[in-house]
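I have placed the structure first, in the form of structure tokens, so that the comments after it can refer back to it.
The values are calculated or read from the model by the stated rules, or taken from the named source; none is laboratory data. All values reported here derive from a predicted model rather than from experimental measurement. We place every Cβ from the backbone using ideal geometry, glycine too, and count neighbours over all the protein chains shown. Keep in mind that these areas ignore ligands, DNA and RNA; they rest on the heavy atoms of the full protein, side chains included. Shrake-Rupley method; radii C 1.70, N 1.55, O 1.52, S 1.80 Å.
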Amino acid sequence: MPRSSDPAPANATRASARLAPAIALAGLACLAAITLASPGATRMFSWPWSLAYAGALLAPAALLALRAFDRRQPLTLPAAPWVRLALAAAGVVLLAALASPHRGPRLLWSAPLLAAVALFFVAADWLQTEPGRTEKLAAPVGLAFVVVAVASLALWAADLPGRSAADIAALRNPYPLGHSSYTAGLALLMLPWFATLAWRARGRIRAAWLGAVLLALALLVTSASRGGILGLGALMAVTLLSAPFRRRRGLAIGLVAAGLALVIAHPRTRAMFAPADPAAPPNISNVQRTAMLDAARAMGRDRPLLGWGPGTTPLVYPRYRASLAGGTETVLQLHCTPAQLWAELGAGGVCIALAGCMLALRGANRHPTAAAALA
């Protein structure tokens, strides 16, 4: 074994220190490519975008390996409950893939979930290595979100010329990932981040971040996602829980008013609260969502512990199609995160998700900013 004075470990440390930023930048570039290459969620599986997808997944694993074997500067881990949660999540994903009837392809489909766990450890290590990095990272991530929001709204606006006012009112924004539900998810990721940056800033910078908040709200409205509205309600609840008690009444009034305004801004979300017309034909979207939920219940019931394995919904859904009332012949996702977890990862996946929510809510009272970002 080389002694501490030997040059080999020092040279290896310097090499890894130079290599890590290059890997991180390459991974971020790949992530940006598959995000903005509309429709990103499907294009990333086609050539040559699949190379960028592979790069985005491999970068966190490579960075984690570099840091884990760096003897001069050991990996800095997050708090113990988060470490246990992350390791349990990785274990559930691998066990679900190995226990799946479609084991081979499911191990490949584990890669995105395992890459997320690796990214969690890498990000926690990087943020804790030097003080103040959390504040330094906030603005660049916010600017990246702004780029995505502007690209989304620009692509959506390009579809507007030549359409009637009624068509424009009913038009949903699927950009840049390829589905309006993804657009709503992006908006819900952006909102707390922009709001936190605006809260911290002053003067013109605060006004700029408040403009970014409006961009995220515009994404949510143009997506017309009913799930997005429910997610916004959950986000508001977390905001109220983490806010100082003396400010909760005024904040609650403002949030409720803003939420109602968003609901009535689009006919699709406004219809959520309209009385049902018995004479009207059934809503096709509602029929499809109901069929997906029924299929998810049956899939989880048949394999309750670990589900059918990550990413198995397109393969397994047709087995249950004959017993469903309506819907499509097959689907790629079940359009409901808890249902997807129950169907593909079983009780193990659902418990991991609940534990993550509990940790985030517990941290809300101690660190509202971090809790808002986690929400």
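What about Ala339, is it within 20 Å of Leu230 (Cβ to Cβ) and either out of contact with any strand residue (DSSP E or B) (no Cβ under 6 Å at 6 or more places or on another chain) or surrounded by fewer than 22 Cβ atoms within 10 Å (Cβ to Cβ) (or both)? Yes; evaluated as a whole, the condition is true for this residue.
Kindly establish whether Leu94 is under 27 Å from Ala347 (Cβ atoms), open to solvent by 70 Å² or more (accessible area, probe 1.4 Å) and not in a loop (DSSP other than H, G, I, E, B). In short, yes. Inside region 97-115, residues that are farther than 27 Å from Ile23 by Cα and open to solvent by 40 Å² or more (accessible area, probe 1.4 Å) make up a count of 6.
Take Pro131 and tell me if it is under 24 Å from Ala80 (Cα atoms), at pLDDT below 95 and not in a helix (DSSP H, G or I).
yes
Sort through Leu107, Leu66, Leu143 and tell me the only one that's assigned to a helix (DSSP H, G or I) and either closer than 17 Å to Gly307 by Cβ or of a type in the set (Phe, Trp, Tyr) (or both).
So the residue among Leu107, Leu66, Leu143 that is assigned to a helix (DSSP H, G or I) and either closer than 17 Å to Gly307 by Cβ or of a type in the set (Phe, Trp, Tyr) (or both) is Leu107.
Quick one: which of Trp82, Trp49 is open to solvent by 40 Å² or more (accessible area, probe 1.4 Å) and within 18 Å of Ala29 (Cβ to Cβ)? One residue alone meets the criteria, Trp49.
The single condition among (1) open to solvent by 20 Å² or more (accessible area, probe 1.4 Å); (2) at pLDDT below 75 that Ala364 does not meet is (1).
Being touching a Phe, Trp or Tyr at 6+ places or on another chain (Cβ under 6 Å) and open to solvent by 30 Å² or more (accessible area, probe 1.4 Å) is not true of Tyr182. Pro192 meets each of the listed conditions (1) within 22 Å of the chain's Cα centre (by Cα); (2) open to solvent by 20 Å² or more (accessible area, probe 1.4 Å); (3) over 21 Å from Thr42 (Cα atoms) apart from (2).
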